[in-house]
1. Ignoring ligands and nucleic acids, what accessible area does THR784 show with a 1.4 Å probe (Å², nearest 10)?
2. For the chain, what does the helix formula give at 222 nm: sum of -39500 (n - 2.57) over DSSP H segments with n ≥ 4, over the residue count, nearest 500 deg cm²/dmol?
3. What is the percent carbon and sulfur in the accessible area of the range 138-235, measuring with a 1.4 Å probe over the protein chains and ignoring ligands?
4. Given a 1.4 Å probe, how much area per residue of the range 455-584 is accessible, in Å²?
5. Between THR115 and TRP337, how high is the FRET efficiency from 1/(1 + (r/R0)^6) when r is the Cβ-Cβ distance and R₀ = 22 Å? Nearest 0.05.
6. In debye, nearest 20, what is the charge dipole magnitude of the range 314-406 about its Cα centre with +1 on Lys and Arg Cβ and -1 on Asp and Glu Cβ, if you could check?
7. Roughly how many nanometres apart are two label points built 7 Å out from the Cα toward the Cβ at LEU388 and ALA67?
8. Just to be sure I understand the model, the point goes 7 Å from the Cα along the line to the Cβ. What's the resulting SER820 to ASP692 distance in nm?
Amino acid sequence: MSGWYLEQLSIEGFRGINNQGAPLILKLKPDHVNSISAPNGVGKTSIFDAIVYAITGRLQKLDEMPAAEQGSSYYLNRFHSGGIGTVGLTLRPALGGNAVTVTVTRDAQGNRSVTATGTADGPAILNELNRDFVLLDGKTFQEFIELKPLERGRSFAGLLGLKKYSTLRQTLAGISNTRSFNNHFSVTAKKAAKDSSVSVARREEGIVKEAYAALVGEVLDPTEHEAKLLAKAHSALHGIDLLKPHCDGKQFHEIDPSACIDAAKAKEGGDDREKLSQALRAETAWADASRVLPNAEDAQALIDVATARDAAMAQTRGDLFHRLFTSSEAVLLDDEWSDKTVCPTCDRVGDNSVLAHVQEKIAAFDAVEQASAEVARQWADKGWGQLLALEGLALVKGEPAELAAANASAVKGILSAELAAKLTAHVGVLTERATLNMASVAQQKLALEKALPPLLTAVVEKAEAARRLQNALKELKTARGDIAAKEAELARIERVRKFLDQSCKSFADAESKTATRRLAAIEPSCREIFKAIMYEDVVPSLKKREGSEELAIALSEFWTLQDVSAQALLSESYRNAFAISVYLAAASLYGGGAKFLVLDDVTSSFDSGHQLHLMNVIRDTFARPGVADGPQVILLSHDSVLEKLFNTNAQSGDWWHQCIQGTARTAVLPQSGAVNKVKEATLAHLDAGNTDDAAPRIRQYLEFKLQEVISKLGIAVPSDIAYRVDRQMPQNLLDAIEAQVELHSAAGKLIMDPAQVTGMNASIATIVGNYVTHWATGQTHTFTAGSLRGVMHAIDNYAACFTYEDPAGSGQKRYYRSLSRKT
């Protein structure tokens, strides 16, 4: 499909449009410039909102309201009893064919449904229409100027037809971001785990040296092959006659030290031998647990880095929000979370990437991340995490295992200064207990050795040394395996990182070059449109730095100045003209499935002269039918001066204008042909005794009939009434008409007969006495259904006084050509 024109819009029960049982229907013409005007508060913005919701599925201004205000509950009209909002778009294919009506509904629970006539795919059509330049309002143009260059560049990508590429670029940048990448792959945790295994390996290497020396009786050569080490250890046990039966036919790691000790026990020694064995094991356990003991400097260093982390954390919203942001980032980076504009914590949808927003928040934690990494390094390098065994030995029953409780967080670098101080003090207590226990065990061991035969003592010591060596070799092998596995995993992650970095760079370069080319194509058209609107020696320019997403706006010429800031120098009207020029230029070159453009209140900052220039640009150089392959333009405005221009243009044959009237409580109706609908609805309310809803409609009906009389007869009115909508009140219009009737009567040129003049005055008395006076003073409680019905009758009689029967006897009425001429 090459595009769609919008032929008709139908709205009921949505935002400020109630129209229960009688939808607001606006017919639009694809081969005309279309305009819709309305006073403030009537429903013009609700029309824009309805189109936005139908195409995009959301209203950002409601979705971003505070939760307490329940923005989602304001999608539907509060006065519509059905609890369902309905928006229908009747679209005609640009290449010809049958029109398709896509109907979108939303219920009170926020459920949305999309249907289409015939075999058309409604969601697919709406997706085709969902382009950045299709729905534009004054806020969009204002933000274009005020946004930061990066946000402006990302927003503008949609106008260049590059939104998907820009989103992919942001996603790639987010994934390859060092912090995000590390979080996603838990690089810090993996490095900490590797460092911990390295510490374990160093500790076990020391134990191996000590146990080997105790068993074999020589210093271990670091270069010695493991097989030779095991052979010597086996030989040391096998060389003891008492232990030969327990060593024959076995590898060193298969020898059971406990069986060796039992053999010695069976030979001699009894209970003292068992006590010696226990003492040796206790001595070994305390020695191994105390092998890596941080000193006072290490303790202070840990407190210092924890204090630095606390200071960095104080500049953020704390660990709780850090966990929230990092968890959200992990979800957003997952392929299953395809729409990066949806927040994973609240399901709220935004126009921009939530991933980028979350990563911006996480960026504030950079200093925290660095400090945390230093805490984790200190914890691993100084062996704080290797003290869990010491804590297990030294704790008194009932005491909390503070090191064990803190270790999981400390390994990740999450440690406060307060906790660090508490832990270092705790370790100091454990160290004192270890010293006392080791001294007690050594004393007990010495006493037992003196009491036992030397041979037995030697056998037990060798067996315990063998046990210690076996355990240390096993732990060393495990630690080295963990180190190798972590290094291999980190190497794979690093290869992924390099791939993503290169991919991100290559894609960013390609996207940037494409955007720059399209921007260069837009700029000449943008300058022409700007000049045609403002007619000043000011030349806008758009600048995109190579390889960057940022889009800067500037003025290449500002009268005699060159290359100056647009934001600093341009007034509001010039800013809007700049933004509108950019958007119209982009829409004309990079249109998509939508062949129509809806502009809501885009001229509010312009004076009447520049409004005229903009309308001429749209009609003559941008939109259909002035530009055959241009888009259909639909303008929404509440500007009274612009409405007069719309009415004037509507006489040209290439412009279609409609005015709407009504209230959010009752109904909004197009004024063209709507007077009878207003009359019928008013009488229906009066029949039901509903004066509250009837009264404001009577005012609409009265104003319409008075303006109709003035327009049809060409009655002159004061200039302030002609040009100021706020002066076009019923009393002012009645006074203006009455003054002209009196003037023509005094001049002897009044076409009205005496009965019509008398009828006019009688109608005025009824209208003013029973309605206008009370309405002006706010005394609407005095209205009764009967009196208001009389007012409606008087309004019709008043208008009839300015008509004649044509042809005579036919009963058909025509307005006089003027107050002095019949035809």
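The values are calculated or read from the model by the stated rules, or taken from the named source; none is laboratory data. All figures in this text were calculated on a predicted structure; none of them were measured in a lab. Cβ: placed from backbone, ideal geometry, glycine included. Neighbour counts: every protein chain shown. The accessibility values were calculated without ligands, DNA or RNA, using every heavy atom of the protein model including side chains. Shrake-Rupley method; radii C 1.70, N 1.55, O 1.52, S 1.80 Å.
1. Here the accessible area works out near 70 Å².
2. Details: 31 runs with 472 residues, N = 823.
Taken over the chain, the calculation gives -19000 deg cm²/dmol.
3. Answer for the range 138-235 is 54 percent, counting heavy atoms of protein chains only.
4. 51
5. According to the calculation, E is roughly 0.20.
6. Working: 8 positive and 16 negative charges, 65 e Å.
Charge dipole of the range 314-406: 320 debye, to the nearest 20.
7. Label at LEU388, label at ALA67, 3.7 nm between them.
8. 5.1
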